[in-house]
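*Asks:* Once you've had a glance at the structure underneath, I'll fire off some questions.
The values are calculated or read from the model by the stated rules, or taken from the named source; none is laboratory data. Since this is a predicted model, take the numbers as computed values, not measurements. All Cβ positions, glycine included, derive from the backbone under ideal geometry; neighbour counts span all protein chains shown. To get the accessible areas, we keep the full protein, side chains included, count just its heavy atoms, and leave off ligands, DNA and RNA. Shrake-Rupley method; radii C 1.70, N 1.55, O 1.52, S 1.80 Å.
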Amino acid sequence: MTAEQITLGLFLSGLILCVASGTDLIFALLFGVLCFGIYSIRKGNSPKATVLMMKEGMTKVANILIILVLIGCLTASWRFCGTIPFILYHSISFIQPRFFVLCTFLLCSMMSFLTGTSFGTFSTMGVICMLIGRTAGISTFLLGGAILSGSYFGDRCSPMSSSAQLVCSLTQTDIYGNIKRMMRSCLVPFILSAVLYTVFAGGSSVRPDTSSVAMFKECFSLHWIVSLPAILILVMSLLHIDVRWTMTTSILTSIVLALLLQKTNPAELFYSLYRGYAAPEGTELAKLLNGGGITSMLHVCIIVLISSSYSGIFSHTPLILPIKEVLIRQSKRLGTFGTVTLSALISCGISCNQSLGTLLTCQLCEDLYNNKEDLALALEDTVIVICALIPWGVAGAVPLATLGAPLTSMAVSFYLWLIPLWGIVVERWRRITGREKTIA
């Protein structure tokens, strides 16, 4: 066996062992740092040079770490200033009983686009839709699929999304240019998903019980002005203002509203930015609204930071070169996008993590594309959504378990399936018509 095979084999064994035993993935990633570091030194690089390689990879995601901290502050500040309660309280009134599953998909898509977080979406809008849906006798199987699909709509294409920002950093592309291309590529899958949720969901003539959101009006002032932080996000994004300034403006606005309108204690407010919003334990409000804060993003920050250290070693050593050569050969048969899809399935299946899966897929497939924008779109249309379809992965299994939906709900997460399938169809059509592009 070659040094490359032994090193990758050890790393994969560590990942599989962690997943099988339920051990935190961070330990497997640290083991990977050790494996790849030893490999680099064995290839003739000094320890100092190896550390510099890792540092080079980490510097690529410095902007992501700042954005992750801002996302934590944003999701907390929107809770205590009343923005999320306002959105939940008023959006639920738009639900039509006969189109409940479709409405659930659309509402979760809206929430995830505004916040950029799949976990924040399913734990707020998703939980409420599931509670209301159950009272109306709607299938949890279908609701779970609709919530998972909608939650990853914004995780894929919101300017606030950490995964979208990670793809931008890895491919060195512009977030707003990427979003414009993503909106075009998701149009058909989104419409088809809406049609499927309308046709197969059936619906109910029973008016669902929305009393679960009534508490928001009792605990918060839901004046329209509390929607201002969300409005600022939309307006500043349309103006293509830097995401960091956009999020900071929204957070500061939320703080002012919390102090003046919600009469929040200043010390409690600023502590919530760090620890997240926390209603009294055991209350319904706590179940539906607790969360956010910088601490909620620390685990993701560590995973992103460790994972990014690999890219420097991958770039300066022949560690993954044999795999890249195989993929380039396969692209002649599977097509470029088809090869990226296969790589994403393998990367997500092994890593069980969106951040590491994205980094691995990008490293493996970067030579397949001449255009960085096309590579960014391919990553968004494969690894970002496929990760949520891995039954043993965190991205899909945790949301469904939290919602009380079966794992089989992944089968009816239509949007997540249709995005990569539509990409394959489009590429095949371009090959037939002689318009295929980007194969290196």
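*Asks:* Could you check Gly396 against (1) open to solvent by 10 Å² or more (accessible area, probe 1.4 Å); (2) under 18 Å from the mean Cα position of the chain (by Cα) and say which number it fails?
*Replies:* (1)
*Asks:* Sort out which residues of segment 288-320 are more than 20 Å from Gly72 (Cβ to Cβ) and assigned to a helix (DSSP H, G or I), and write them in order of number.
*Replies:* Selection gives Ser309, Tyr310, Ser311, Gly312, Ile313, Phe314, Ser315, His316.
*Asks:* Check every one of the helices (runs of 4 or more DSSP H) wholly within segment 205-281 and list those with 1 or more residues that are closer than 20 Å to Ser158 by Cα and open to solvent by 60 Å² or more (accessible area, probe 1.4 Å).
*Replies:* By residue number, 228-238, 243-260.
*Asks:* Restricting the search to segment 189-213, which residues are at pLDDT below 85 and β-branched (Val, Ile, Thr)?
*Replies:* Val206, Thr210, Val213
*Asks:* Can I ask one more? Please go through segment 71-92 and give me each residue that is surrounded by fewer than 24 Cβ atoms within 10 Å (Cβ to Cβ) and under 21 Å from the mean Cα position of the chain (by Cα), ordered by number.
*Replies:* If the condition is that a residue be surrounded by fewer than 24 Cβ atoms within 10 Å (Cβ to Cβ) and under 21 Å from the mean Cα position of the chain (by Cα), then Ile87, Leu88 are the ones that fit.
*Asks:* Same structure, new question: Scan (1) modelled with pLDDT under 95; (2) of a type outside the set (D, E, K, R); (3) in contact with a Leu (Cβ under 8 Å, 6 or more places away or on another chain) for the single condition Leu379 breaks and write down its number.
*Replies:* (1)
*Asks:* Follow-up. In this structure, does Leu416 turn out to be within 15 Å of Thr121 (Cβ to Cβ) and at pLDDT 95 or above?
*Replies:* Here the answer is yes, as Leu416 does meet what is asked.
*Asks:* Considering only segment 339-379, state which residues are among the aliphatic types (A, V, I, L, M), open to solvent by 10 Å² or more (accessible area, probe 1.4 Å), more than 20 Å from Thr317 (Cα to Cα) and over 15 Å from the mean Cα position of the chain (by Cα).
*Replies:* Result: Leu342, Leu345, Ile346, Ile350.
*Asks:* If Ser109 meets every condition in (1) of a type in the set (Ser, Thr, Tyr); (2) out of contact with any Pro (no Cβ under 9 Å at 6 or more places or on another chain); (3) open to solvent by 10 Å² or more (accessible area, probe 1.4 Å) apart from one, which number is that one?
*Replies:* (3)
*Asks:* Next up: Just to check your reading of the model, which residue among Ile179, Ile191 is in a helix (DSSP H, G or I), out of contact with any helix residue (DSSP H, G or I) (no Cβ under 8 Å at 6 or more places or on another chain) and β-branched (Val, Ile, Thr)?
*Replies:* Ile191
Yes/no matrix, rows are residues, columns are (1) within 30 Å of Leu10 (Cβ to Cβ); (2) surrounded by fewer than 23 Cβ atoms within 10 Å (Cβ to Cβ):
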| position | (1), (2) |
| --- | --- |
| Leu334 | yes, yes |
| Phe337 | no, no |
| Thr382 | yes, no |
| Ser413 | no, no |
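*Asks:* Now for a different question. Would you be able to tell me the number of residues in segment 385-407 that are of a type outside the set (A, V, I, L, M, F, W, C) and part of a helix (DSSP H, G or I)?
*Replies:* So the count comes out to 3.
*Asks:* Quick one: in segment 144-154, of everything that is open to solvent by less than 10 Å² (accessible area, probe 1.4 Å) and under 10 Å from the mean Cα position of the chain (by Cα), which residue is nearest to Leu418 (Cα to Cα)?
*Replies:* Selected residue: Tyr152.
*Asks:* Would you confirm whether or not segment 170-193 contains a residue that is in contact (Cβ under 8 Å) with a residue 12 or more places away in the chain, out of contact with any strand residue (DSSP E or B) (no Cβ under 8 Å at 6 or more places or on another chain), open to solvent by 10 Å² or more (accessible area, probe 1.4 Å) and closer than 26 Å to Lys287 by Cβ?
*Replies:* No: zero hits.
*Asks:* Pick out the one residue from Thr317, Thr264, Thr283, Thr246 that is within 20 Å of the chain's Cα centre (by Cα) and either modelled with pLDDT of 90 or more or of a type outside the set (Asp, Glu) (or both).
*Replies:* Of the residues listed, the single one that is within 20 Å of the chain's Cα centre (by Cα) and either modelled with pLDDT of 90 or more or of a type outside the set (Asp, Glu) (or both) is Thr246.
*Asks:* So Arg98 ticks every box in (1) touching a residue at least 24 places away in the same chain (Cβ under 8 Å); (2) within 24 Å of Val243 (Cα to Cα); (3) among the charged types (D, E, K, R) but one. Which box is left unticked?
*Replies:* For Arg98, the failing item is (2).
*Asks:* Suppose the filter is of a type in the set (Phe, Trp, Tyr) and touching a Cys at 6+ places or on another chain (Cβ under 9 Å); does Phe153 pass it?
*Replies:* yes
*Asks:* Any idea which of (1) over 16 Å from the mean Cα position of the chain (by Cα); (2) assigned to a helix (DSSP H, G or I); (3) closer than 25 Å to Gly120 by Cβ is the one Val426 doesn't satisfy?
*Replies:* Result: Val426 fails condition (3) only.
*Asks:* Right, next: What's the total number of residues in segment 2-43 that are open to solvent by 50 Å² or more (accessible area, probe 1.4 Å) and in contact with a Leu (Cβ under 6 Å, 6 or more places away or on another chain)?
*Replies:* Here the count works out to 0.
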